[in-house]
1. Where both partners of a DSSP beta bridge lie in segment A:2-44, what percent of those bridges are antiparallel, to the nearest 5?
2. List the pair-distance distribution P(r) of chain B, using every Cα-Cα distance, as the percent of pairs falling in each 10 Å bin from 0 up to the bin containing the longest distance, rounded to whole percents.
3. Tell me, how many Å apart are the Cα centres for segment A:55-127 and for segment A:242-266?
4. Starting from the alpha-carbon convex hull of segment B:357-464, give the projected area averaged over all orientations, in nm².
5. Please return the longest stretch of chain A lacking exposed loop sites, where GluC sites (Glu not before Pro) count only if DSSP places them in a loop and at most 11 other Cβ atoms lie within 10 Å.
6. If N is the number of residues in segment A:283-410, what value comes out of its Cα radius of gyration divided by 2.2 N^0.38 Å?
7. What does the convex hull of the alpha-carbon atoms of segment A:67-161 project to on average, in nm²?
8. Starting from 0 in steps of 20 Å, tell me what percent of the Cα-Cα pairs of the protein assembly as shown lands in each bin.
Protein chains: 2
Amino acid sequence: MTDVLVKDLYTKSRDFGEDAISVSGWIRTTRSSKKIAFIEVNDGSYIKNVQVIAKRDNLANFEEVIKLPISSTLKVTGKLVETPDAQQPFELHAEEINIEGASDPDYPLQKKAHSLEYLRTIAHLRPKTNTFYAVFKIRSLAAFAIHEYLQKDDFVYVNTPIITSSDTEGAGEMFRVTTLDDQDTPKDENGKNDYSKDFFGEETNLTVSGQLQVEPFALAFRNVYTFGPTFRAEDSHTKRHAAEFWMIEPEMAFAELPEVLDSSEGLLKYVVNYLLDHAAADLQFLNDNVDNNLLELLHKTVDEDFARITYTEAIDLLEKSDADFKFPVKWGIDLNSEHEQYLAEQVFKRPVFVTDYPRNIKAFYMRDNTDKKTVAAVDLLVPRIGELIGGSQREEREDVLQAKMDEFGLPQAEYDWYLDLRKYGATKHSGYGIGFERLLMYVTGMDNIRDVIPYPRIQGSINF
Amino acid sequence: MTDVLVKDLYTKSRDFGEDAISVSGWIRTTRSSKKIAFIEVNDGSYIKNVQVIAKRDNLANFEEVIKLPISSTLKVTGKLVETPDAQQPFELHAEEINIEGASDPDYPLQKKAHSLEYLRTIAHLRPKTNTFYAVFKIRSLAAFAIHEYLQKDDFVYVNTPIITSSDTEGAGEMFRVTTLDDQDTPKDENGKNDYSKDFFGEETNLTVSGQLQVEPFALAFRNVYTFGPTFRAEDSHTKRHAAEFWMIEPEMAFAELPEVLDSSEGLLKYVVNYLLDHAAADLQFLNDNVDNNLLELLHKTVDEDFARITYTEAIDLLEKSDADFKFPVKWGIDLNSEHEQYLAEQVFKRPVFVTDYPRNIKAFYMRDNTDKKTVAAVDLLVPRIGELIGGSQREEREDVLQAKMDEFGLPQAEYDWYLDLRKYGATKHSGYGIGFERLLMYVTGMDNIRDVIPYPRIQGSINF
């Protein structure tokens, strides 16, 4: 008797001769008549179930088994039978069924379809639905594909700190991290919390980006990347924002802007190809049930070169267009999502890189172009999502960077160590950041960031 | 003219015929006489340098180049010459040297050796030393090896939340996460911070473990794991404790305790083998310069089966020993590090699993053994480090778990969702946790956790 995984039954061999096999899993559905029952069992190894045929004749506990609520745990032993003419290619004829754990009948995931909103309230159970099974399987495979792509190219993975005393690029509101007594809080002379008495001896926050801290590693290892959680304490309730999300931030020494485009296009294509290879059944399910254009979009993503235009060309295209934009278009504006989606969905119908943005709307560390008006920055805009990747060549010239920090009002004392990187052997370098959940929305067809995060953290809501 | 990486020169082909090649990197040392200079250049791709031979005769900027401080950035073009009789197998005869960035002469990493303590104060520069180059390269490769081992076995990677409202197992002091105004803080009727007005509407903390939140995913996907940062706000200044560190927490449905031992032994051996294959030069450097027993220990780790004993047997061994323990030994105590190291280093001289600990010293979720005195728990003790891995079979019996939560004084309301996992189809399951930095100390020979973390976070100290 061999323990088998349902995944292997679908994707490897089903040749067990006359041997019995056994499958352990959870009941998804039961249909039964007097003499026979059809039980769909999912064992977690695959999105598809095995159909178990149970007969009253040869099962002492037939009556007990057919009364089991959905989600009960079984170990089924029997013979695998090929059924080439049926919906499923095979079924398992039970000779013995052990009830490992009977479920309460009030199990919330009954057969009927549930809204995504409701499923968010039972985040500990939703991975047992097909949709979230597919989404979180893809999340895992995509994460691995990213590591594999970068490690193959000798990128060194760096865990930049989560708790930080800096606020990086002023990228957004931050969460404070503290162990100060919350009743009798020590105060300084201005009535503010006295952080000199806090755990680290100063005020600390959750990171908004690991970029600045990973740059020193690029200047030691050449090619490096972060892949970890980042945080924004923002009062935004859109479908694309969460307070806690993961970012991938590759950084490359001796690289200029075009290498950011090449590396990130290569990465995105690698991930999609990896998913097409390793998550075919999950993607098919999502294509059938969540977004009918998903597979077409993914194939387009790997088959076609991404478009590449400058910001100035993008503005031209938007100004010439007949579309009715809510936010007026003019050279100098930050592109709004309606503009980004128009470019990716209507004009190019595929991912498009937009480069060389106005310097005033981008971060201080981006390298000034010779026109003094733009910086060597890039955003990748993709259909359905808008901005997926942002990157730039970094300003490696110490004097230019210092002047720009003054101009942007950044406290130099806090960035001494960052300036050191220019002082002790300036080196051209470039990098980019990918919002992991945005990438997942792109490759799963899911429309809300809360549905690609195991336990989403949103303002006003923290469960589990 | 081909751009090449130093790593490829050492590990791949050096056959460029008569073609010139170019290398971009940073000066490690320069020795020069009137006519010739020997410049060691490291390009970040490998722990070893390329020796550049520069001659006054054919370099217009020879004088400028030889005066460059260490850490200056160069692009060297020239011919590669094999030198089978020299220390280095090859050297690069410069035909052109472009100075990409001259370093300030006060670069802190001059040729002389620096203490590890001093290097911690320049965490943004220490990856440019050989020791930290090796350590952080190994950190990256070990992380990837862990993902690869688990993904090959179809383990699904789950990102459990960093910000949490629960305190898991009561595993330790937590950091509070808040956006409440720190001057005019809203207070409740007891004079405590009014967390109903905080970002999430209740008090929130940084996670100490993802285990409880990953268990639901094991009951959907069968085999899962976390790999992410965890936090302890503990007043401990040992060499083995940091406030922020990374953990790997695999969890397996339908698995009992022995499978924890098999899986974790397999994982550790896989990682060490991966490093022996992919980081040979880095490990050799650490063996030569940090811990002369490192390679022997690593080979032992992969070549020999780990020992397996029960806690009761461990206590017997300790009681019978002649060693002079500071903490007295008696059945029921929690093993102290002196005991753990004695077992791993003196008795077994290799990693040893200790199973079936007294239930009163272990967490509430560990499965009671039939003797009612012990639980199905395991720790892996390894030479030099002590405890490296901790795991257990989880209590899947709803009534037993509930009674135990009462006994251990845990608020059931907070764990409703955790009890649901037993209510809706109880399933045997087991898992373990690995402190990633402890693993890194084991495989690098480094003695202090602060030296295996890119930017360590320790009480009273937060730089960068």
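1. 75 percent
2. Computed distribution, short to long bins: 4, 17, 24, 22, 16, 11, 6, 2, 0.
3. Each part reduced to its Cα centre gives a spacing of 44 Å.
4. Working: hull surface 38.6 nm².
Taking the Cα atoms of segment B:357-464, their convex hull projects to 9.7 nm² on average.
5. The segment A:190-464 is the longest one with no such site.
6. Numbers: Rg = 17.1 Å, N = 128, 2.2 N^0.38 = 13.9 Å.
It is 1.23.
7. Details: hull surface 45.8 nm².
For the Cα atoms of segment A:67-161, the hull's average projected area reads 11.5 nm².
8. 13, 42, 35, 9, 0, 0
Laboratory data are not the source of any read-out in this text; all were calculated from the coordinates shown. These figures come from a predicted structure and were not determined experimentally. Please note: Cβ atoms are built from the backbone with ideal geometry, for glycine as well, and neighbour counts cover all protein chains shown.
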